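Report on one structure; see the data block that follows.
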Amino acid sequence: MSQSFTLSQMGWTAFFQQQLSLEQWETLKLGRVSAQHRGHLEIMTTTSSNMSLAINSESSTSTVGDWILMDEHNRYVQTLERFSLFSRKSAGSKVALQLIAANVNTAFIVCSLDGNFNLSRIERYLALVNNTGAEAVIVLTKADTCENVQTYVEQVRSLDTMLMVEAVDARETLSIKALKNWCAHGQTVVFIGSSGVGKSTLVNTLLNVDTQVTSPSRADDNRGRHTTTSRSLHLIPSGGLLLDTPGMRELQLVDCEDGIESTFSEIGELAEHCQFSNCQHQSEPGCAVKAAIVAGDVEQRRLTNYDKLLREQARNGATLAETRSKDRNLGRFYRDVQLEAKQRKGKTR
């Protein structure tokens, strides 16, 4: 049975309202993308929770969480400007940008305490979230399997003293009660993290329904199995909206320099005091960053990961730019060939 929602329940705010003209408000339909499939988008509207919209060349850049305008025949018109957008380089060898989620207020970065815990991986996800402007909350799952939970919490907080960290048993409603502080009416939250860290279990518990299938981690290496296979938006009983995403085997950053600098802000602040403005923080004299590492104020692991993520996002950005340039040049070539063929055809008549 289809369910209807108010715009406020769906996350509508003044940010989106001010983008519309009076004519658009009166003549066009509003909808929010609630799921994305190979050939169509599912749209949440004030009259239906699962309206289908075929994906075409114009709507192909829309993603889950986007607000879109449709005409009276439910045809796509445009996607509204986003206040946040999560994206990454497509997994594997494919050179493309993959959109993950749009218009998210809070991102829960999920990491489990059964062997999955990794500070460098958390920093990678933090860089992604910080680049969007959304609030980041670290959720440590499977706390019931860990004897020294507080030790892990303190390790995460060492990355940023202002960082919110919650350790939970994803199966227990009482344990995840604190997460509901970010799930108020009209607020959109997203769960991101590796496969098998308990994201689907968290979704089930927050929604009070078995919406997502769950699978245990592999016993031999604690690596999880994919259980969520597509991104989807759900209404939480407490009033918020929950955007579930598949677990990521690979998160390649792209166009993310601001997010990385924000995540490793202490390194940037120290670098301002280096003797050389172009200091690489390796063996240069007068390096304030290396001095801080020797003094124990900064971990070498932090600097290594910072350098790694900066190089990665720069490399991926350059590769994508090169691919886009080649695609544009190829498109121009095809158009020129078609135009020349038409001109020749006209001359032979």
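The values are calculated or read from the model by the stated rules, or taken from the named source; none is laboratory data. All figures in this text were calculated on a predicted structure; none of them were measured in a lab. Positions of Cβ are backbone-derived with ideal geometry, glycine not excepted, and every protein chain shown enters the neighbour counts.
The table below lists the values:
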item	result
Residue check for D160: of a type outside the set (S, T, Y) and closer than 28 Å to L309 by Cβ	yes
Those residues of region 1-37 which are charged (D, E, K, R) and either surrounded by 15 or more Cβ atoms within 10 Å (Cβ to Cβ) or within 19 Å of L243 (Cβ to Cβ) (or both), in sequence order	K29, R32
Residue within region 38-53 that is under 13 Å from A102 (Cβ atoms), hydrophobic (A, V, I, L, M, F, W, C), in a loop (DSSP other than H, G, I, E, B) and within 19 Å of the chain's Cα centre (by Cα) present	no
Scope region 127-151; condition of a type outside the set (A, V, I, L, M) and surrounded by fewer than 19 Cβ atoms within 10 Å (Cβ to Cβ); matching residues	G133, E135, D144, T145, C146, E147, N148, Q150, T151
Region 77-102: number of residues that are touching a strand residue (DSSP E or B) at 6+ places or on another chain (Cβ under 6 Å) and closer than 18 Å to Q19 by Cβ	7
Test result for A35, closer than 27 Å to L126 by Cβ and either touching a Lys or Arg at 6+ places or on another chain (Cβ under 8 Å) or without any contact (Cβ under 8 Å) to a residue 24 or more places away in the chain (or both)	yes
Tabulated pairs, region 73-86, first under 22 Å from A136 (Cα atoms) and outside the structural domain of S59 (by TED's automatic domain parsing), second surrounded by fewer than 15 Cβ atoms within 10 Å (Cβ to Cβ) and among the charged types (D, E, K, R), C-beta under 7 angstrom, 6+ apart or interchain	none
Qualifying residues in region 281-309 (those that are surrounded by 14 or more Cβ atoms within 10 Å (Cβ to Cβ) and aliphatic (A, V, I, L, M)) - the one nearest to Y125 (Cα to Cα)	L309
